[in-house]
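Undergrad: Quick one: this structure, given as structure tokens, is what I'll be asking you about.
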Amino acid sequence: QLQNKILILTICAAGIGGTFQYGYNISIINAPASYIQTFMNTTWLERTGVPLESNVILLLWSFTVSAYPLGGLTGAVVAGPMAIMLGRKMSLLLNNVFVIIAATLSGFSRMAKSFEMIMLSRFFTGVNAGVSMNIQPMYLAESAPKKLRGAVALTSASFTALGLVLGQVVGLRELLGGEESWPFLLASNVVPALIQLTALPWFPESPRYLLIDRGDKESCISALQKLRGTSDLSAELEEMLAEQAAVRGQRAKHPWELFQNRALRWQLVSIVVLSSAMQLCGNDSMYFYAAYVFQEAGIPQDIIPYVVIGTGSCELITSITCNIIIDYAGRRPLLLGGYTFMAGWAIVFMVALSQQTQISWMPYLSMACIFAYILSFGIGPAGVTGVLPTEVFDQMSRPAAYMICGSLLWFNLFLVGTAFPFIVKSLAHFCYIPFLVVCVCTALYVWFFLPETKGKSFLEISEEFRKRNLKAKAHAGFYKGPEEIKTTTL
């Protein structure tokens, strides 16, 4: 049980303006797509007297959509320096400035008759999501007690899923998804930002950041007392002081230094594999297919948006379930189970798609596969991937590790978004073969190489990886004795 409501409120205050925005802003752009394309055409017609060709409208729409992952990549790169210089909490607060700029641009775009403002708005929204996707799990995992660290850090995934569902709901025609109200829909992301700006200042900074990065023991104890209530803090403080001693005299690392450091090889390989797999496993592409499959299953066109909300709800339900069980089940079983089930469902989905027109009940199997695939993703990969960089890296390497993770996540989101239509065109019903390969390879990597981190202190996890890295060094013939060990950061 959580000892203190302050921890729960900290999670909510960080989440509502953090990863919630990532999910929300991914889904609100879908509802007004046709209206924004019409707006682009009429605006251009008013400016030049010539209407846009359909392929040019499509190109402009592609730029609008891809501005989001491009902004996310920028946000992921600036998140590391922000977390080090400003602290975790202040970075999350300052991050809301990007959303306020974005909401202002999109809210006034129709009045200003400028579709370029929408593109710029999506870029700033992306920057906000890129920063929060990196800093929120770091802030929460550093603030949580050891036995609840997985569950607390995993709330980032629950807030993403919640944002996704609320974005789908708010985007319904009856609410803000109509032709007249789409600028308000795009500007509605300012509401969570204002809630966070009001709430988060009342809660403490990450105790680990205060002690290890700032060397401020008094503030660290004060933050711990707020977060833990009256429970005994000596054991936790002792563990933090041991970690502080282990990294004494070091400065925060840059991303390229992690690649150069042999003592961090397995940690780095693990987060690169898992962060890439999270976007390359095809979960987001299931949303792309959802409307088509539901249409084939005979669901009326005007009911489809409501059924699509069901897919987002699936991810929300499983991420909350994962939250409850992660500190009992462990990280490895959830990742392994998630990717294995996804591989299985990908095969069934491709078979069902290929037989869609031949067998009358196949569309319903395809429909079941969409829900099952999203459920499998939500139960493991969706949340656990974001927790691991906090657990497998020390305080000085953590921001740089999140920069690498975040950059991979956004680059791969852009890659899949750009490549998926072409994959569908060339492979037709078998378009999930690349995703199937990714799921199988990731499951094998987790099975053979990823150690369990459940219930271990950051130092214990570091020690486990240190042994593994030294073993790899010895096998490669690079091990040079004690002088080599002195240079390790773990």
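The values are calculated or read from the model by the stated rules, or taken from the named source; none is laboratory data. It should be emphasised that the depicted structure is a prediction, and the values quoted were computed from it without experimental measurement. All Cβ positions, glycine included, derive from the backbone under ideal geometry; neighbour counts span all protein chains shown. Accessible surface is based on the protein model in full, side chains and every heavy atom, while ligands, DNA and RNA are left aside. Shrake-Rupley method; radii C 1.70, N 1.55, O 1.52, S 1.80 Å.
Undergrad: Scan the stretch 405-464 residue by residue and report those that are closer than 29 Å to TYR68 by Cβ and of a type in the set (D, E, K, R).
TA: Once the filter is applied, which keeps residues that are closer than 29 Å to TYR68 by Cβ and of a type in the set (D, E, K, R), the stretch 405-464 yields only LYS425.
Undergrad: Only one of SER62, SER66 is under 20 Å from TYR24 (Cα atoms), open to solvent by less than 50 Å² (accessible area, probe 1.4 Å), modelled with pLDDT under 90 and of a type outside the set (Phe, Trp, Tyr); which? Lay out the reasoning, then the answer.
TA: Details: SER62 fails: open to solvent by less than 50 Å² (accessible area, probe 1.4 Å).
Within the list SER62, SER66, the selection yields SER66.
Undergrad: Only one of these is out of contact with any Lys or Arg (no Cβ under 8 Å at 6 or more places or on another chain), in contact (Cβ under 8 Å) with a residue 40 or more places away in the chain, surrounded by fewer than 17 Cβ atoms within 10 Å (Cβ to Cβ) and not β-branched (Val, Ile, Thr): ALA235, ALA193, ALA252, ALA242. Name it. Quick ask: steps written out before the conclusion?
TA: Working: ALA235 fails: in contact (Cβ under 8 Å) with a residue 40 or more places away in the chain; ALA193 fails: surrounded by fewer than 17 Cβ atoms within 10 Å (Cβ to Cβ); ALA252 fails: surrounded by fewer than 17 Cβ atoms within 10 Å (Cβ to Cβ).
When all the criteria are applied, what remains is ALA242.
Undergrad: Going through ASN25, ASN30 one at a time, which residue ends up being outside any helix (DSSP H, G or I) and either under 22 Å from TYR287 (Cα atoms) or not assigned by the TED database to the domain that holds LEU154 (or both)?
TA: Details: ASN25 fails: outside any helix (DSSP H, G or I).
Criteria check complete, one pass: ASN30.
Undergrad: Run down VAL56, VAL77 and say which single residue is among the hydrophobic types (A, V, I, L, M, F, W, C), farther than 30 Å from CYS405 by Cβ and in a helix (DSSP H, G or I).
TA: Numbers: VAL77 fails: farther than 30 Å from CYS405 by Cβ.
The unique qualifying residue is VAL56.
Undergrad: Give ILE404, ILE423 a once-over and let me know the one that is open to solvent by less than 30 Å² (accessible area, probe 1.4 Å) and either touching a residue at least 40 places away in the same chain (Cβ under 8 Å) or in the same structural domain as ALA329 (by the TED database) (or both). Break it down stepwise before answering.
TA: Details: ILE423 fails: open to solvent by less than 30 Å² (accessible area, probe 1.4 Å).
Of the residues listed, the single one that is open to solvent by less than 30 Å² (accessible area, probe 1.4 Å) and either touching a residue at least 40 places away in the same chain (Cβ under 8 Å) or in the same structural domain as ALA329 (by the TED database) (or both) is ILE404.
Undergrad: Here's a follow-up. Restricting attention to the stretch 288-298, does a residue exist that is among the polar types (S, T, N, Q), outside the structural domain of SER158 (by the TED database), in a helix (DSSP H, G or I) and closer than 25 Å to GLY163 by Cβ?
TA: Start the filter on the stretch 288-298 by keeping residues that are among the polar types (S, T, N, Q), which leaves 295.
Keeping just the survivors that are outside the structural domain of SER158 (by the TED database) gives 295.
Now restrict to residues that are in a helix (DSSP H, G or I): 295.
Still in the list and also closer than 25 Å to GLY163 by Cβ: none.
No; the residues of the stretch 288-298 include none that is among the polar types (S, T, N, Q), outside the structural domain of SER158 (by the TED database), in a helix (DSSP H, G or I) and closer than 25 Å to GLY163 by Cβ.
For (1) in contact with a strand residue (DSSP E or B) (Cβ under 9 Å, 6 or more places away or on another chain); (2) surrounded by fewer than 17 Cβ atoms within 10 Å (Cβ to Cβ); (3) within 17 Å of SER313 (Cα to Cα); (4) without any contact (Cβ under 8 Å) to a residue 60 or more places away in the chain, each residue gets a yes or a no:
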position: GLN21; (1), (2), (3), (4): no, no, yes, no
position: ASN25; (1), (2), (3), (4): no, no, yes, no
position: ILE29; (1), (2), (3), (4): no, no, no, no
position: SER34; (1), (2), (3), (4): no, yes, no, yes
position: GLN37; (1), (2), (3), (4): no, no, no, yes
position: GLU46; (1), (2), (3), (4): no, yes, no, no
position: LEU52; (1), (2), (3), (4): no, no, no, yes
position: ASN55; (1), (2), (3), (4): no, yes, no, yes
position: LEU58; (1), (2), (3), (4): no, yes, no, yes
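Undergrad: I need the helices (runs of 4 or more DSSP H) fully contained in the stretch 93-200, keeping only those with at least 1 residues that are touching a helix residue (DSSP H, G or I) at 6+ places or on another chain (Cβ under 8 Å), closer than 25 Å to PHE39 by Cβ and among the polar types (S, T, N, Q).
TA: Numbers: elements: 96-107, 109-112, 116-143, 149-170, 182-187, 190-199.
In the stretch 93-200, the matching helices (runs of 4 or more DSSP H) lie at 96-107, 109-112, 116-143, 149-170.
Undergrad: Moving on. Picking from LEU105, LEU140, LEU120, which residue would you name as being at pLDDT below 95 and in the same structural domain as VAL190 (by the TED database)?
TA: Numbers: LEU105 fails: at pLDDT below 95; LEU120 fails: at pLDDT below 95.
Going through LEU105, LEU140, LEU120 in turn, just one is at pLDDT below 95 and in the same structural domain as VAL190 (by the TED database): LEU140.
Undergrad: Please find, within the stretch 249-299, the residue that is farthest from the chain's Cα centre (by Cα) out of those that are among the hydroxyl-bearing types (Ser, Thr, Tyr) and over 24 Å from ALA352 (Cβ atoms).
TA: Filtering the stretch 249-299 down to residues among the hydroxyl-bearing types (Ser, Thr, Tyr) leaves 270, 275-276, 285, 287, 289, 292.
Of the ones still in play, those that are also over 24 Å from ALA352 (Cβ atoms) are 270, 275-276.
Details: SER270: 16, SER275: 9, SER276: 11 Å.
For the stretch 249-299, the residue satisfying everything is SER270.
Undergrad: Within the stretch 347-450, considering only helices (runs of 4 or more DSSP H) that don't extend past its boundaries, which have at least 1 residues that are among the small types (Gly, Ala, Ser), modelled with pLDDT of 85 or more and in contact with a His (Cβ under 9 Å, 6 or more places away or on another chain)? If you could, list the steps in order and put the result at the bottom.
TA: On the way: elements: 362-379, 381-392, 398-427, 433-449.
Result: 398-427.
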